[in-house]
Amino acid sequence: MLQQFIDLDSATRDAPLELSVIVPTLNEVGNVQPLLDKLALALAGIEWEAIFVDDGSSDGTPELLTQIAQADRRVRMIRRIGRRGLSSAVVEGALASTTPVIAVIDADLQHDERILPDLYRAIADGSELAIGTRYSDGGSTGDWDEKRLKISRFATALAAPVMKTPLSDPMSGFFAVRRDVLLDAAPNLSSVGYKILLDLVASAPRKLSLTEVPYTFGVRQHGESKLDDMVALEYLELLLDKMVGRFVPVKLIQFGAVGLLGVGVHLSLLFLAFDAAGFAFTLAQAFAVIGAMTFNFALNNRFTYRDRQLKGWAWAKGLASFYAVCALGAVGNVGIGSLVYETWHGVALAGIAGAVVGSVWNYVASGWLTWRKR
Ligand SMILES: Nc1nc2c(ncn2[C@@H]2O[C@H](COP(=O)(O)OP(=O)(O)O)[C@@H](O)[C@H]2O)c(=O)[nH]1
Ligand SMILES: [Mg+2]
């Protein structure tokens with residue numbers, strides 16, 4: 001009897017794993033156990049494991065997962081410290097798996113785990129990618145209001161040009177994929193923001209064979225959504241990176257956009273100080289330059305470099321280094337401008353050439369000095 005028990009035990013342990021389910025978590029303590037119970041039920045008959053990727057949850061999620069994983073070999077966890085981002089979490093979870101098939105599901109029970117076996121089987125039967133979709137017959141977004149539906153549809157339409165495999169629901173992030181397909185795409189993934197599924201089909205070297213399985217999006221049971229105002233910006237960053245990232249870094253485009261706004265700020269301040277307040281031109285211009293630099297710094301810190309955002313004392317130090325960088329940029333600007341003017345005698349051409357060289361210098365040097373990668 002005992003012998004039989006031991007054999008049985010080693011037999012189950014030796015059965016090769018078939019499926020890794022990647023679950024990104026950020027403060028999901030109330031959802032972890034219900035999700036695992038549901039996975040166990042849905043995936044009966046499949047050798048599966050769950051890899052949770054936690055980004056420093058403060059509600060006890062990683063502690064709970066540690067406890068659970070001690071008792072259940074099907075559960076693993078990756079803890080990331082000082083990092084954020086759903087996409088990059090999913091990628092790192094997937095890279096830690098060794099199974100032929102990988103699935104991704106939200107922790108909050110909004111994705112219907114009952115279709116996971118269908119997604120898994122679709123891959124086993126030859127598809128390279130199988131997604132859960134809310135936008136086909138039998139699928140639904142549940143109780144979303146008209147406004148949220150419109151936004152989601154608009155975002156989906158924007159995605160069309162970058163998708164090599166047309167998906168009805170690239171936003172859902174509920175899918176299964178062959179591991180080698182994910183690995184092929186991995187070097188090209190942008191990994192910014194939330195939209196890992198879209199990132200995947202835009203980064204894969206070719207069109208993938210696809211199965212879509214309809215499901216109804218559920219209501220969050222515990223905890224709250226982590227979507228914030230930055231999500232829209234991160235989504236645009238992902239699209240831009242997929243469209244032009246091969247040629248120009250997205251951060252340079254953002255830096256340039258902030259710079260253009262800065263020109264507006266500069267001129268407004270100049271007119272305000274010179275015309276309205278009656279300052280001498282030199283003083284008014286100096287005031288405008290400092291104002292525009294401060295504006296550029298603050299905006300870049302908030303948006304372009306929000307992944308390396310400076311706060312408190314570091315903000316002030318960053319501002320000082322940004323002034324220094326811009327001062328050198330201005331020298332370069334004038335130098336190049338003069339050179340071009342002397343050679344070709346075009347004022348506009350010389351002005352633009354100087355501004356471009358100065359701006360690129362500001363971008364490169366501030367990325368290196370002010371918003372240094374930690
Ligand atoms: N590891 C990690 N998980 C995240 C992050 N942001 C969200 N999540 C998880 O991703 C899933 C979807 O997030 P959620 O806030 O529910 O997005 P929504 O369903 O679009 O509102 C949930 O399991 C979250 O816990 C993050 O920055 N890091
Ligand atoms: Mg959710």
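Show me, for segment 283-292, the HN-Hα J-couplings you get by feeding each phi into the Karplus relation (A = 6.51, B = -1.76, C = 1.60, θ = phi - 60°), rounded to Hz, glycine and proline as x.
Karplus-based 3J(HN,Hα) across segment 283-292 equals 5, 4, 5, 4, 4, 5, 4, 5, x, 5 Hz.
Can you grab the distance from the C-alpha centre of segment 276-315 to the C-alpha centre of segment 120-174, Å, no decimals?
Segment 276-315 and segment 120-174 have Cα centres separated by 42 Å.
When a/c is below 1.5 the answer is rounded, else prolate if a/b is larger than b/c, else oblate, so apply that to segment 1-144 with a ≥ b ≥ c taken from the square roots of the Cα gyration tensor eigenvalues.
Details: a/c = 1.72, a/b = 1.16, b/c = 1.49.
Because a/c hits 1.5 or more and a/b fails to exceed b/c, segment 1-144 counts as oblate.
Going by alpha carbons, how many degrees (0 to 90, nearest 10) lie between the helix axis of 250-271 and the longest principal axis of the chain?
40
Full extension from ALA186 to GLN285: what is 0.36 nm times the residue separation minus their Cα-Cα distance, to one decimal in nm? Each step should come with its number before you reach the end.
Details: separation 99, 0.36 × 99 = 35.64 nm, distance 4.88 nm.
Here the segment from ALA186 to GLN285 would lengthen by 30.8 nm.
Each label point is 7 Å from the Cα along the Cα-to-Cβ direction; what then is the distance between the points at ALA320 and LEU41, in nm?
6.1
Enumerate the calculated ³J(HN,Hα) couplings along segment 330-338 in order (Karplus 6.51 cos²θ - 1.76 cosθ + 1.60, θ = phi - 60°), each rounded to whole Hz, writing x wherever the residue is Gly or Pro.
Rounded to whole hertz, the list is 5, 4, x, 4, 5, x, 5, x, 5.
Starting from the Cα gyration tensor of segment 250-369, take the square roots of the eigenvalues, sort them a ≥ b ≥ c, and report rounded, prolate or oblate (rounded when a/c is under 1.5, otherwise prolate if a/b is larger than b/c, else oblate). Kindly include the intermediate steps, with their values, before the conclusion.
Details: a/c = 2.00, a/b = 1.19, b/c = 1.67.
It is oblate, given that a/c is not under 1.5 and a/b is not larger than b/c.
Sort GLU113, GLU342 by Cβ crowding within 10 Å, fewest neighbours at the top.
Values: GLU113 23, GLU342 9.
Listing GLU113, GLU342 from fewest to most nearby Cβ atoms yields GLU342, GLU113.
Please work out the FRET efficiency for the pair ARG220 and ALA355, using the Cβ-Cβ distance as r and a Förster radius of 30 Å; give the result to the nearest 0.05. Walk me through the intermediate numbers first.
Details: r = 48 Å, r/R0 = 1.61.
Efficiency at R0 = 30 Å is approximately 0.05.
Please work out how much length the chain gains when fully extended from THR294 to ASP72, using 0.36 nm per residue of separation minus the C-alpha to C-alpha distance, in nm with one decimal. Don't skip to the answer; put the middle values down first.
Details: separation 222, 0.36 × 222 = 79.92 nm, distance 5.35 nm.
Stretched out fully, the THR294 to ASP72 stretch lengthens by 74.6 nm.
At a Förster radius of 56 Å, what calculated FRET efficiency corresponds to the Cβ-Cβ distance of LEU227 and GLU342, to the nearest 0.05? Can you show the working numbers first?
On the way: r = 54 Å, r/R0 = 0.96.
Here the calculated transfer efficiency is 0.55.
Provide the net charge surrounding TYR215, with neighbours chosen by a C-beta distance below 14 Å and charges set as Lys +1, Arg +1, Asp -1, Glu -1. Walk me through the intermediate numbers first.
Numbers: positive: LYS38, ARG114, ARG134; negative: ASP106, ASP112, GLU113, ASP118, ASP137, ASP169, GLU212.
Charge balance near TYR215 sits at -4.
Would you mind pulling out the separation of the Cα centroids of segment 56-89 and segment 219-236, in Å?
Using only Cα atoms to place each centre, the spacing works out to 19 Å.
Tell me, what HN-Hα J-couplings in whole Hz come from the Karplus equation 6.51 cos²θ - 1.76 cosθ + 1.60 at θ = phi - 60° for each residue of segment 94-111, using x for Gly and Pro?
Taking θ as phi minus 60°, the curve returns 5, 5, 8, 8, 10, 7, x, 10, 10, 10, 10, 9, 5, 7, 8, 6, 7, 8 Hz for segment 94-111.
Nearest 5 is fine: what % of DSSP beta bridges in the chain come out antiparallel, could you say?
Numbers: 7 of 29 bridges.
Roughly 25 percent of the beta bridges in the chain run antiparallel, per DSSP.
Taking amide H atoms as placed 1.01 Å from N in the peptide plane, list the residues 5 or more away in sequence, or in a different chain, whose amide H sits under 5 Å from that of MET77.
Excluding prolines and chain starts, which carry no amide H, the hits are PHE52.
Between GLY93, GLY312, GLY354, which gets the highest mean-square fluctuation from a Gaussian network model of the chain, Cα cutoff 10 Å?
Greatest mean-square fluctuation among the candidates belongs to GLY312.
If you fit an axis through the alpha-carbon atoms of helix 146-159 and take the longest principal axis of the Cα set of the chain, what angle between them do you get, 0 to 90°, nearest 10?
80
Name the residue farthest towards the positive end of the dipole of segment 133-279 from the options ALA160, LEU261, THR141, assuming +1 on Cβ of Lys and Arg, -1 on Cβ of Asp and Glu, about the Cα centre.
Selected residue: ALA160.
Placing +1 on the Cβ of each Lys and Arg and -1 on the Cβ of each Asp and Glu in the chain, which of TYR235, GLN309, ASN27 has its Cα farthest towards the positive end of the resulting dipole?
Going by the Cα projections, it comes out as GLN309.
Amide H to amide H under 5 Å from THR133: which residues, 5+ apart in sequence or cross-chain, H placed 1.01 Å off N in plane?
VAL213, TYR215
Can you give the FRET efficiency to the nearest 0.05 for THR98 and ASP143, using r as the Cβ-Cβ distance and R₀ = 56 Å?
Numbers: r = 39 Å, r/R0 = 0.69.
E(calc), rounded to 0.05, equals 0.90.
Using alpha carbons only, how many degrees (0 to 90, rounded to 10) separate the axis of helix 347-369 from the longest principal axis of the chain?
It is inclined by approximately 50 degrees.
Every number here is computed from the coordinates shown, using simple stated rules; none is lab data. Given the structure is predicted, the values throughout are model-derived calculations rather than measurements. As a convention, Cβ positions derive from the backbone with ideal geometry for all residues, glycine included, and neighbour counts pool all protein chains shown.
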